[in-house]
Amino acid sequence: MNMEEDSLFAPRDEDTQPLAERLRPRTLDEFVGQRHLVGEGKILRRLIEGDHVSSMIFWGPPGVGKTTLARIIAHSTKSSFINFSAVTSGIKEIRTVMQQAEENRRYGDRTIVFVDEIHRFNKAQQDAFLPFVEKGSIVLIGATTENPSFEVNGALLSRCKVFVLKALTTDDIVNLLKRAIHDERGFGKQNVSIDDELLSAIATFANGDARMALSTLEMAVLNGDENGGVTVISSETIEQITSKKSLLYDKKGEEHYNLISALHKSMRNSDPDAAVYWLARMLEAGEDPLYIARRVTRFAAEDVGLADPRAIEIAVAAYQACHFIGVPECNVHLTEAVIYMSLAPKSNAMESAYFAARDDAMNMLDEPVPLVIRNAPTRLMKNLGYGDGYQYAHDYADKLTTMQCLPDSLVGHEYYHPTEQGVEGRFKKRLEDIKEWKKNHAK
């Protein structure tokens, strides 16, 4: 825990500080990313510039500027700033901080208490802040990488505005790296030579984390080759530092899409060895595991479907595992999902059903809903015949009726054509039985 007054951005042995600290933005104009919050005219920027800041929670992945934004708010609003870590602090430290905040308030000073990783506090620790937030002794800014709906007490959360911070884009990080090379707080006093392609590789490796990107650049400069007063950074240096073949992804992203296509088509072709190979190529190149997990989840419905309904459960579980534990530990969960998808029976009947129905829907957008299946919440609707003749399937012995659910112009259209693959064979038999029943009971 440390107390920082209005001079919190004053230089302090800058040459010995890490690059990420030296280059920490001092104003909103220097701040990279989060334009949906701090761009011109956006909500958080208006609150800061109008000095109307109240307690808030920043929710977002690591390295997107949660701490920096809290510092900028304190500096912009002339507030005392207390940086408080949920990892190393307990109830005793909270009380000490509150006493300091109360002292500041008596002298007319506002105190912003920044709590990093607030989700690590237990209920009692979070409750200790509540009375001071309620009476305005402090402005609390919490930072969390976890969903605050689950990790922050309801009473405290209800008194805080939640702002969602997004992972930085590759372009955001590339611009930040270029600034680090030319800014005197970075390497502006040195002559550093690095290709734009390598900056993109660092940005890809950082995966939205500005701190990681700057640390990687700093290590690259320290290990660069000196040539006539110029520090030259090569692709070999970047690969050694990241332990990744990051340059497998070119600047236009073509190889990125080639690899995900190879993974998808290998699973579709029931080739687990090829699928695992392409998975490894993507992960070792620094691909976001959540991106891969999302594509596997799509595959589970698009290419496996009802041939194996458990496939989507496996895919979603793999996504959750990637979210919970990250790389490299989640690699095995993705491998499990990819092999499962490769070996699962295949059916694209659901996707084909949707596309066929979509074509009819787009060509017949004005087709009225049959009166029999319309909702009738008002007397007028009932008088107009809404819901007349509706047959509640549960009231019938076979749980089936002959009621028409398609518009008149589409009666008889069929979209879902199940295959014999895996479990879908049972769905096919069930559908055939339903159609035969309706045919026999038609009036």
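For this structure, a couple of remarks:
- Evaluated with a Cβ-only charge set (Lys, Arg +1; Asp, Glu -1), the chain carries a dipole of roughly 1640 debye about its Cα centre, given to the nearest 20.
- Segment 253-297 - percent of accessible surface contributed by carbon and sulfur, probe 1.4 Å: 50 percent
- Normalised by 2.2 N^0.38 Å, with N the number of residues, the alpha-carbon radius of gyration of the chain equals 1.31.
- A simple packing score, the average count of other Cβ atoms within 10 Å per residue, orders the peptides 217-223, 295-301 as 295-301, 217-223, with the highest score first.
- Every pair of different Cα atoms in segment 386-429 enters the Kirkwood calculation, which places the hydrodynamic radius at 13.2 Å.
- Kirkwood radius, segment 351-443, all distinct C-alpha pairs, inverse of mean reciprocal distance: 15.6 Å.
- Using a 4.7 Å Cβ-Cβ cutoff, the cysteines of the chain lacking any partner cysteine are C160, C405.
- Sequence-ordered 3J(HN,Hα) estimates for segment 344-352 from the Karplus curve with 6.51, -1.76 and 1.60 and θ = phi - 60° stand at 5, x, 10, 7, 10, 4, 5, 4, 4 Hz, glycine and proline given as x.
- Note on segment 292-422: the C-alpha convex hull projects to 12.0 nm² when averaged across all orientations.
- Using a Förster distance of 22 Å, the FRET efficiency for L384-L406 (Cβ separation, nearest 0.05): 0.60
- Straight-line cross-link partners of K189 among the aspartates and glutamates, defined as a Cα under 12 Å from its Cα and at least 8 positions apart when in the same chain: D15.
- A straight chain from S261 to R426 at 0.36 nm per residue would run longer than the Cα-Cα distance by 56.3 nm.
- Pairwise inverse Cα distances across segment 138-297, averaged and inverted, put the Kirkwood hydrodynamic radius at 18.2 Å.
- Theoretical gain in end-to-end length, S85 to H441 [0.36 nm per residue, Cα-Cα removed]: 121.1 nm
- With Cα atoms, 0 to 90° folded angle of helix 310-325 axis to the chain main axis: 10 degrees
- Accessible area expressed per residue, segment 348-443, with surrounding protein chains retained (probe 1.4 Å, Å²): 76 Å²
- Under 20 Å from the L130 label point (7 Å along Cα→beta-carbon), backbone N, segment 139-176: 139-143, 148-162
- Computing FRET efficiency as 1/(1 + (r/R0)^6) for S76 and V164, where r is the C-beta to C-beta distance and R0 is 30 Å, gives about 0.90.
The values are calculated or read from the model by the stated rules, or taken from the named source; none is laboratory data. As the structure is a prediction and not an experimental result, all values here were calculated from the model. No Cβ is skipped: glycine too gets one built from the backbone with ideal geometry, and neighbour counts run over all protein chains shown. Keep in mind that these areas ignore ligands, DNA and RNA; they rest on the heavy atoms of the full protein, side chains included. Shrake-Rupley method; radii C 1.70, N 1.55, O 1.52, S 1.80 Å.
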